[in-house]
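Asks: This is the structure, below, for whatever I ask next.
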């Protein structure tokens, strides 16, 4: 659907905001049962519902010619925000304004009649977007060509697959040539070839100075396509900045270890023989900057890092070995080192062991650092412990993946 206005013409020094959102909130009422909805209407009964905020106090400004991405977990409020902006639902509080012609592609099949053919739905949807029948007829062949539906354009869309409906919807939306294009995660249902065509067309819109509001779970597409990004979290705007910063922060959030700490300690090597405070045990774990000696729990890839493990040995000291590991969200071991495998001896009644990591290779994420203390042969495990604070790695670049591998390129043509 669209909200149409005269195409904006800017004068030097004029505010170039295409979308302005101010204190926008959306409240839903949740009733325990249908009768409470009726009872609430009666005098003297009082409130019979709970308030649930899908959005709360959103403030956002999208400048002309920029592409802004929306990220956030499912249920965060991204789709609700887009529905309000396109007029599908109304806000409970706050306001917004959009300049120029708006085309949107939200829910699958929105604006289509299932009993109409693809061709009939093109004309129906284009009319809803403000095009006359003559204008639609002029653009019909281009819509058909882009959608790649061929002879199926004359079949009712109830016979279409979800991918075919997405093709028809996107092809119709871009035919309007809007000033503002709003796209939800609908493109995820298309095949790879059509997704590529859609992204290329959005790049074309971007190069023409159009404004795009783009919602996707693909952080790679977000980094490549968007100038800025907004992170919606539990109905609020958690962060709005350049796309690289926001997607890296969100990637770190996604990779937080939740509920897997016990899995980390259960899968450690060696036979567990815990002797308590009188036996060999780990006293403390610290993550430090090797140069300053200060705590370093928020770092960037490529930095130097030191993990310091304080230990106490038995009353009669025994040879020890120390292992240090880093895990990600699913408790997968990302890297690990042991003094036993590296041929380093750990002896004495008490002390500390430093593991120095030169040029840390981990990319964005939150990692649990854990330590296990074993005998000198790495057979018996005396103690294990998690660092009291996780290591957060924030990447400034667009590199995908888990590790930043040293590499070089060579092109032969």
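Asks: Can you pull out every residue in region 50-96 that is farther than 29 Å from residue 128 by Cα, part of a strand (DSSP E or B) and either under 26 Å from the mean Cα position of the chain (by Cα) or free of Cβ contacts under 8 Å to residues at least 24 places away in the same chain (or both)?
Replies: 50, 52, 53, 56, 57
Asks: So for region 34-49 (the condition being touching a helix residue (DSSP H, G or I) at 6+ places or on another chain (Cβ under 6 Å) and assigned to a strand (DSSP E or B)), does at least one residue qualify?
Replies: no
Asks: Counting just the residues of region 210-224 that are modelled with pLDDT of 90 or more and out of contact with any helix residue (DSSP H, G or I) (no Cβ under 8 Å at 6 or more places or on another chain), which one comes out nearest to residue 17 (Cα to Cα)?
Replies: Here the answer is 211.
Asks: Can I ask one more? Hey, does region 174-189 have a residue that's surrounded by fewer than 14 Cβ atoms within 10 Å (Cβ to Cβ) and in a loop (DSSP other than H, G, I, E, B)?
Replies: No; the residues of region 174-189 include none that is surrounded by fewer than 14 Cβ atoms within 10 Å (Cβ to Cβ) and in a loop (DSSP other than H, G, I, E, B).
Asks: Taking region 387-412 as the region of interest, how many residues are closer than 18 Å to residue 284 by Cβ and surrounded by fewer than 17 Cβ atoms within 10 Å (Cβ to Cβ)?
Replies: Number of matching residues: 2.
Asks: For region 128-168, what are the residues that are in contact with a strand residue (DSSP E or B) (Cβ under 9 Å, 6 or more places away or on another chain), at pLDDT below 85 and either assigned to a helix (DSSP H, G or I) or not assigned by TED's automatic domain parsing to the domain that holds residue 195 (or both)?
Replies: Answer for region 128-168, where residues must be in contact with a strand residue (DSSP E or B) (Cβ under 9 Å, 6 or more places away or on another chain), at pLDDT below 85 and either assigned to a helix (DSSP H, G or I) or not assigned by TED's automatic domain parsing to the domain that holds residue 195 (or both): just 166.
Asks: Across region 203-224, which residue is surrounded by the most Cβ atoms within 10 Å (Cβ to Cβ) among those that are assigned to a helix (DSSP H, G or I) and under 20 Å from the mean Cα position of the chain (by Cα)?
Replies: Looking at the filtered set, the residue picked out is 222.
Asks: Let me confirm something: among 273, 285, which residue is at pLDDT 90 or above and under 18 Å from residue 384 (Cα atoms)?
Replies: 285
Asks: Is it true that residue 78 is under 24 Å from residue 239 (Cα atoms), in the same structural domain as residue 240 (by TED's automatic domain parsing) and either in contact with a helix residue (DSSP H, G or I) (Cβ under 8 Å, 6 or more places away or on another chain) or surrounded by 14 or more Cβ atoms within 10 Å (Cβ to Cβ) (or both)?
Replies: Criteria met by residue 78.
The values are calculated or read from the model by the stated rules, or taken from the named source; none is laboratory data. Quick caveat, the model's predicted, so the values are computed rather than measured. Positions of Cβ are generated from backbone atoms using ideal geometry, with glycine treated the same way; all protein chains shown enter the neighbour counts.
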